[in-house]
Amino acid sequence: MWKDLDMDVERFDKMRLMLGEIFEKTYLSQKNRPAGMAYFDNMIAELHGGRIKELLAAKEEGRPVIGTFCVYIPEEIVLAAGGVCVGLCGGSQGSVPDAEKILPRNICPMVKSAFGFKAGRICPYFQVLDFVYGETTCDAKKKTWEILDEMVPTHVMEIPQMKNQTDQEMWLAEVKAFKTKVESFSGKEVTIEDMRRATRTMNNKRKALQRLNTLRHTNPTPISGKDVLLIEQIAFYDEPIRFAREVNELCDELEKRIADNVAIPSKNAARIMVAGVPMALPNWKLHNLVEGAGAVIVNEESCIGTRYYKDLMDENAEDMETILQNLTSRYMQIDCSCFTPNNERIDQVLREYKESGAQGIIHYSLQFCHTYNIEEIRIRQACEREGIPYMFIESDYSPEDVGQLQTRVEAFLEQIGE
Ligand code: BJ8
């Protein structure tokens, strides 16, 4: 199968082996995990197996498989057309050198990692998909799409930078253009019933993740932050109906754990909320550090986190124009730092801090991400105003800064414990 997909099989095998070892060390070594995590562990074991076969089967049925990098691409439309939306990974140091042969070194590691997976032919998802739909959120991404297009068909959706009336109109036009593109590829015109069904599916998936996030806010928390992060990462490539069912089954178990007072990890662990850039699979660096130091992460204000699932939308619109307008409004609520002004995000961070019962915030940013690195100033000011213990971490995917970060995290946890 890998040869047919034109993979660099030798390097891919090495990467799979490495991922397996890191996963075992980071995840399987945790004590007293919920039994329901077995499904998600298996999704990682089958990351390069079962799910790829499902995508190939979808293609054989003529259903489009579309790769994305951002939560602004409306999955509802892909689902309505019978297609599959795959959030492409960009969380590994392993693919960065492949990217640096072509791209500048001083850009975001997430962009480099994702691009490197394609350039090195070491990600089967990239090899399976029909086309990529990128966006104009940040400069690193939008200029990379031009180069990526030489390797895989890459379309680009223009994302507004402000939220005025004219921006909303432009965004609605972009959503409609996306629908047309997906329809012309699948050869299927999306009906209002298709859109309602897809909206229900996505709402159910987002509701399941909301439920999980609410349950983990319980003090003491019944599940580790690492495990929730893993589920949030798997949300981007699993089949959505099955995924929602599994998350809900896990939530049933967590409710029982809460009733039985089963806590993870220890009852006195410091509770930390993370805010900032998304942590794409397999970026577990910060969670591993924080939870390795005895604390627990109880919230991710991130696109691999609450920004992905906090907003639902009306499932019962009467006609296509209304449902597309609702969709546009729903997606315009995403408070990415690429927008200016972005006051909603400051309020949202404070709200999530209160709801999660956290005792401190770590703002996590990736190197060279200008929008999050600058918006960090406003988050810090808000935390100072509210008296919230706060720490800023800017990192990449290399292991080089782990020792230094560990010292800083431990000092921060001590400060919280005082
Ligand atoms: S909606 S956060 S998924 S753009 S970290 S690549 S912004 S330089 S990831 Fe994002 Fe969409 Fe916004 Fe969410 Fe650029 Fe920054 Fe890198 Fe980033």
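Values computed for the structure shown
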{"item": "Normalised contact order of the stretch 1-141, rounded percent, pairs of Cα under 8 Å and 6 or more residues apart", "result": "29 percent"}
{"item": "Positive dipole terminus of the chain, leading residue within CYS251, TYR372, CYS336 (C-beta point charges)", "result": "CYS251"}
{"item": "Using alpha-carbon coordinates, inclination of helix 50-60 to the longest axis of the chain, degrees", "result": "20 degrees"}
{"item": "Rounded to 10°, Cα long-axis angle of helix 139-148 versus longest principal axis of the chain", "result": "50 degrees"}
{"item": "Two-decimal ratio, the chain, of alpha-carbon radius of gyration to 2.2 N^0.38 Å", "result": "0.94"}
{"item": "Proportion of all alpha-carbon pairs of the stretch 9-174 beyond 21 Å (%)", "result": "55 percent"}
{"item": "Filtered trypsin sites (Lys or Arg not before Pro), the stretch 248-346: DSSP coil and at most 15 other beta carbons within 10 Å", "result": "LYS267"}
{"item": "Phi to ³J(HN,Hα) by Karplus 6.51 cos²θ - 1.76 cosθ + 1.60 over the stretch 351-360, Hz, x for Gly, Pro", "result": "4, 5, 4, 5, 5, 7, x, 6, 10, x"}
{"item": "Nearest-20 debye value, the chain charge dipole, Cβ charges on Lys, Arg, Asp, Glu", "result": "580 debye"}
{"item": "Normalised contact order of the chain, rounded percent, pairs of Cα under 8 Å and 6 or more residues apart", "result": "17 percent"}
{"item": "Convex hull volume per residue for the stretch 1-64, taking Cα atoms only, in Å³", "result": "90 Å³"}
{"item": "The chain, accessible area per residue, ligands and nucleic acids excluded (1.4 Å, Å²)", "result": "41 Å²"}
{"item": "Whole-number percent relative contact order across the stretch 284-418, with pairs defined as alpha carbons under 8 Å at least 6 apart", "result": "26 percent"}
{"item": "Acute angle (nearest 10 degrees) that the helix 402-417 long axis makes with the longest principal axis of the chain, alpha-carbon atoms", "result": "60 degrees"}
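The values are calculated or read from the model by the stated rules, or taken from the named source; none is laboratory data. Since this is a predicted model, take the numbers as computed values, not measurements. Quick reminder, even Gly has a Cβ in these numbers, built from the backbone with ideal geometry, and neighbours come from all protein chains shown. For the accessible areas, the whole protein counts, side chains as well, though only heavy atoms, and no ligand, DNA or RNA atoms are used. Shrake-Rupley method; radii C 1.70, N 1.55, O 1.52, S 1.80 Å.
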